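The numbers here are math on the coordinates, done by the rules we state, and not lab data. Just so you know, these numbers come straight off a predicted model, no measurement behind them. Note that we place each Cβ from the backbone using ideal geometry, even for glycine, and neighbour counts take in every protein chain shown.
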Amino acid sequence: MSFGASQFSSVLSSIEKMISGPEIQNMVSESLAQIRPFFTSLNSRINAINVYETSENIVVEIQVPGIDKNQLKLWIEGQNLMISYEQTSGNRTDQTHYHRMEFENENYTKMIFLPVNTDTGNARASISQGILTVKFEKLSNLDKIEIVIE
């Protein structure tokens, strides 16, 4: 069975009639309103991260604009640095009438794999101008173990 240009045109015309109806437009608007926070949260959760090594340290930098140090939680799990925070969106009340609202509550958790030569027992963290910096000392002696083949 072939599908020709006239059938395609007929289907397209039917779709245009369905889309032009007010019920469909309302349904599309409501659907977009429901999924908007999901896509917005994907975009807002992208915190740029740098992990680099100096002669003495392993350094992790992560952008955390607008986050207070008291909102941040840092911990080590194995060879991973875990970072999390919860950000709330201001002083909303039932009497507040917003004309536009893009600030949203945000929960963020990120796991950063640390290089094998990281001394995870010695970490120092600081925050300045929206950049969280975590410095670890480097392990100076990584023992090399030879494996004997039987």
Exercise. Order the peptides 50-57, 129-136 from the highest to the lowest mean number of other Cβ atoms within 10 Å of their residues.
Key: 129-136, 50-57
Quiz prompt | Extension gain (nm, one decimal) between Gln79 and Asn50, 0.36 nm per residue minus Cα-Cα | solution = 8.8 nm
